[in-house]
Amino acid sequence: MGEKSNSSEHWLTAHHDPLASLYTFGSCMALADLHGDGDSKLIIADLGTGAYNMKLKPIDSYGSCGCDIWELHLHLQKLKAILQTLEVNPTEFDAWNQARDKLLDVSMLYEILDSLRQEVGECGLTTRSQRFLMCHDHASQLTFLEQHKGFLLKRQTVVTCFSTLKKSHAEDDAISCLVLGTESANIFILDPEAFTILNSRC
């Protein structure tokens with residue numbers, strides 16, 4: 001038997017720079033794939049030597065909560081855009097209206113929405129219908145209907161991921177558009193200045 005191969009072992013090439021003058025702690029270092037190319041970079045927060053004011057450069061970034069897009073700057077948050085509501089399925093809309101007007105009992109409402117879920121999928125329904133279908137006994141279905149039948153039926157999307165895309169040039173300092181992926185399998189491209197939707201794909 002020959003010697004066991006060590007090809008499965010992974011090695012890191014150490015970087016040595018005695019003139020870097022970095023002062024940091026282990027908790028201030030991280031590896032991150034900055035460019036999405038699978039190559040992780042070492043990120044270090046330099047605390048400085050104490051001879052100068054130690055400050056982290058404030059950077060603008062963006063985050064999402066539900067269908068809202070926020071600009072994050074230090075301790076401030078500013079709402080920049082709200083994704084438009086999606087079209088409600090006509091069958092779902094009619095079923096809720098008939099249940100509200102007592103033309104449809106709660107059991108029939110459940111059957112119609114459950115059948116529609118099989119047809120269009122869970123993400124094709126509004127959040128209200130999804131939650132209603134989680135009520136499996138008659139009493140909880142009736143309680144849910146009474147609590148929600150008076151409200152307008154809306155189908156809102158939820159942002160699940162986002163990235164950036166250069167608007168016109170490939171340079172590093174060129175203006176980038178926000179690219180949003182949603183729970184309803186839509187992709188939206190937002191203008192970085194007006195925060196309007198430039199394009200969308202399903």
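Let me know the Kirkwood hydrodynamic radius for the range 90-148, please, with Cα pairs as the basis and the value in Å to one decimal. By the Kirkwood definition, the hydrodynamic radius is 11.3 Å. Once you divide the Cα radius of gyration of the range 114-157 by 2.2 N^0.38 Å, the number left is 1.16. The Cα center of the range 18-40 and the Cα center of the range 124-169 differ in position by 40 Å.
Read-outs: derived from the displayed coordinates by stated rules, not from any lab. All values derive from a computational prediction rather than experimental measurement.
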